[in-house]
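What follows is a set of notes on a single structure, which appears directly below.
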Amino acid sequence: MMDEIQRKLMAEVADLHSMPEGAYNIRANGISEARNTTANIDIISKTDKSGIDIRIKDGTKKESVHIPVVLSESGLKETVYNDFYIGEDCDVTIVAGCGIHNSGAKDSEHDGVHRFFVGKNSRVRYVEKHYGQGDGMGKRILNPVTEVYQEAGSYVDMEMAQIKGVDSTVRTTKAELAEGATLIVHERLMTHGEQKATSVYTVELNGEHSSTDVISRSVAKDASEQIFEAAIVGNTVCNGHAECDAIIMDKAHVVAIPRLDANNVDAALIHEAAIGKIAGDQLIKLMTLGLSEKEAEEQIISGFLR
Amino acid sequence: MLEIKNVSYRVEEQDAVIPIIEHLNLTVGDGKFVVITGPNGGGKSTLAKLIMGVYPVTEGRILLDGEDITELGITERAKLGISFAFQQPVHFKGIKVVDLLRLASGSRITINQACEYLSRVGLCARDYIQREVNASLSGGELKRIEIATVLARGTKYSVFDEPEAGIDLWSFQNLIRVFENIRESIQGTVIIISHQERILQIADEIVVIEDGAVKRQGPRDELLPELLGTPSAANNACSRLAD
Ligand SMILES: Nc1ncnc2c1ncn2[C@@H]1O[C@H](COP(=O)(O)OP(=O)(O)OP(=O)(O)O)[C@@H](O)[C@H]1O
Ligand SMILES: [Mg+2]
């Protein structure tokens with residue numbers, strides 16, 4: 001059974017206060033705590049390595065899968081392989097996320113390798129939250145690898161957030177899109193203390209009229225460091241847009257690296273990056289409403305990361 | 001009562017000191033409706049920002065209801081009861097209209113109450129309440145939301161910097177009603193910076209600021225005919241060039 005700490009982590013990463021509806025697999029301290037499958041969604045443990053296969057039947061609509069992971073044992077290190085096989089004409093929501101509580105001296109690390117095979121004309125909404133807590137010396141480390149293979153006409157919307165408490169992250173996301181497929185990514189990131197976060201996206205637009213929009217909003221506080229790299233490869237007539245918008249504070253360090261790679265005259269690729277401190281006039285406006293400078297700053301940041 | 005006593009504001013640029021406001025004196029009585037006007041670059045917006053504490057005065061004192069607020073910051077002045085609608089409203093990423101109105105009102109007002117403020121500035125609340133206060137809003141819409149934040153605060157002193165700029169003709173009458181309402185409902189003191197004759201017409205008092213100082217101040221009936229009779233701004237500029 002899960003304890004209080006694990007339950008709090010679950011609420012943070014998956015908004016779960018009780019067992020979710022639909023299919024789920026809950027992993028706590030390296031063990032599958034609870035699992036539920038439905039008529040359309042099957043979850044099978046891998047036999048060769050740690051992880052699960054999630055198989056979603058053709059035509060599955062309005063169903064969801066929750067696969068939260070919580071770690072509360074200091075020093076636990078794991079690499080987990082989860083593969084999602086999503087059939088054709090589906091419309092599903094997948095909620096992942098990892099919460100680490102580390103109150104010990106040893107580093108805790110969860111490296112999730114997620115692969116998505118999205119069938120023709122399917123729509124997938126993917127939500128992933130990362131969260132860390134605990135006051136131990138041990139680090140909380142998360143290195144997610146996400147691979148997305150989209151078949152013709154599919155639509156994937158990924159929302160990835162890491163707002164608090166993760167000491168070190170290297171996020172690697174790769175996607176390959178077939179004809180008419182669309183990938184939307186919204187990343188929200190906040191780093192503080194000495195945290196380091198790297199996020200690398202590579203999206204290959206291989207099919208005609210495929211498109212992608214990769215949007216990152218981040219806030220770097222204290223002496224934290226962020227590196228955002230977005231590479232979009234346009235191999236045919238396609239549309240790609242990447243945007244990195246960062247607020248830098250204190251002694252933080254933020255790097256944005258755009259890479260656009262067009263192999264076709266009809267590939268329209270755009271990259272926008274902006275790094276700057278909180279605009280003075282925004283602070284002033286909120287202060288004229290009676291907020292202190294600190295309160296104004298908090299409002300601006302929480303709005304920005306919404 | 002708001003008293004501005006011998007206030008100067010100067011900025012340093014390279015080795016030069018540029019005077020923006022010089023020895024300005026102005027008293028605004030309680031419940032008064034004062035319109036400040038004058039040529040572009042005369043120092044009106046700067047004065048408003050000195051009142052709100054956005055800029056520090058270089059010299060002089062500012063008193064609010066007898067209390068010296070010269071050294072107070074923006075937040076403290078806001079809490080003492082001064083509100084300010086900027087000439088150029090600020091954009092935010094991610095902050096919604098409803099958030100701004102809630103922050104302004106200082107309490108957790110309901111959506112309905114927030115909508116009420118929008119209606120008063122002539123915006124269909126349903127369409128705007130959940131919008132982000134960003135560049136996707138038109139200039140006039142942002143201006144109205146800016147005014148609504150001041151209404152939501154409901155403080156004793158309200159300063160509006162060219163509130164009518166960019167607002168269409170139909171709404172003008174409603175806007176004037178908004179100002180009259182502030183005076184009636186909360187017995188507030190309203191200071192409006194404006195170039196508009198129709199706003200000048202509803203003032204109790206008119207103040208003309210030029211070259212960083214009060215050039216004229218008096219009751220509307222006295223000043224307005226005089227102002228409308230003066231040579232055009234263009235003539236002024238030309239005569240200055242000729243000097
Ligand atoms: N930081 C600064 N450095 C240099 N000049 C400044 C600075 N701030 C204001 N000024 C100048 O001070 C003058 C007064 O500006 P202000 O914005 O107060 O004018 P205004 O009366 O509000 O004009 P308008 O009617 O055009 O809004 C202008 O000439 C402006 O260029
Ligand atoms: Mg001005």
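The values are calculated or read from the model by the stated rules, or taken from the named source; none is laboratory data. These numbers come from a predicted model, not from an experiment. We place every Cβ from the backbone using ideal geometry, glycine too, and count neighbours over all the protein chains shown.
Things to note:
- Boolean, B:Asn112 is more than 16 Å from ligand 2 (Cβ to nearest atom), in contact (Cβ under 8 Å) with a residue 12 or more places away in the chain and among the polar types (S, T, N, Q): no
- Just one of the listed residues (B:Ile182, B:Ile191) is crowded, with 17+ Cβ neighbours inside 10 Å and within 16 Å of ligand 1 (Cβ to nearest atom), namely B:Ile191.
- Picking from residues in the stretch B:36-52 that are among the polar types (S, T, N, Q) and near ligand 2 (Cβ under 9 Å from one of its atoms), the one that is farthest from the chain's Cα centre (by Cα) is B:Asn40.
- Any hit, the stretch A:261-273, residues being within 14 Å of chain B (Cβ to nearest Cβ), surrounded by fewer than 21 Cβ atoms within 10 Å (Cβ to Cβ) and under 26 Å from the mean Cα position of the chain (by Cα): yes
- Scope the stretch B:127-175; condition within 16 Å of ligand 1 (Cβ to nearest atom) and within 13 Å of the chain's Cα centre (by Cα); matching residues: B:Lys143, B:Glu146, B:Val159, B:Phe160, B:Asp161, B:Glu162, B:Pro163, B:Glu164, B:Ala165
- The set of residues in the stretch A:50-76 being in contact (Cβ under 8 Å) with a residue 40 or more places away in the chain and either surrounded by fewer than 17 Cβ atoms within 10 Å (Cβ to Cβ) or assigned to a loop (DSSP other than H, G, I, E, B) (or both) consists of A:Asp58, A:Ile67, A:Pro68, A:Ser72, A:Glu73, A:Ser74, A:Gly75, A:Leu76.
- The residues of the stretch B:56-97 that are within 16 Å of ligand 2 (Cβ to nearest atom), crowded, with 18+ Cβ neighbours inside 10 Å and not small (Gly, Ala, Ser), listed by number, are B:Phe84, B:Phe86, B:Pro89, B:Val90.
- A:Gly132 meets each of the listed conditions (1) of a type in the set (Gly, Ala, Ser); (2) in contact with a strand residue (DSSP E or B) (Cβ under 7 Å, 6 or more places away or on another chain); (3) crowded, with 20+ Cβ neighbours inside 10 Å; (4) at pLDDT 95 or above apart from (4).
- Single residue of the stretch A:274-306 satisfying the filter (at the interface with chain B (Cβ under 8 Å from one of its Cβ atoms) and of a type in the set (D, E, K, R)) that is surrounded by the most Cβ atoms within 10 Å (Cβ to Cβ): A:Lys285
- When B:Gly60, B:Gly31, B:Gly42, B:Gly66 are screened for being within 11 Å of ligand 1 (Cβ to nearest atom) and away from chain A (no Cβ under 14 Å), only B:Gly42 passes.
- For the stretch B:92-108, a tally of residues being within 8 Å of another protein chain (Cβ to nearest Cβ) and under 21 Å from the mean Cα position of the chain (by Cα) returns 5.
- Exclusive hit being over 30 Å from B:Pro225 (Cβ atoms), within 14 Å of chain A (Cβ to nearest Cβ), of a type outside the set (S, T, N, Q) and away from ligand 1 (no atom under 16 Å from the Cβ), set B:Ile111, B:Ile74: B:Ile74
- Within the stretch B:194-209, the set of residues being within 16 Å of ligand 2 (Cβ to nearest atom) and closer than 18 Å to B:Met1 by Cα comprises just one member, B:Val207.
- Hits in the stretch A:102-112 (condition: surrounded by fewer than 18 Cβ atoms within 10 Å (Cβ to Cβ) and within 16 Å of the chain's Cα centre (by Cα)): A:Asp111
- The set of residues from the stretch B:1-28 being more than 11 Å from ligand 1 (Cβ to nearest atom), assigned to a strand (DSSP E or B) and of a type outside the set (D, E, K, R) comprises B:Leu2, B:Ile4, B:Asn6, B:Val7, B:Ser8, B:His23, B:Leu24, B:Asn25, B:Leu26, B:Thr27, B:Val28.
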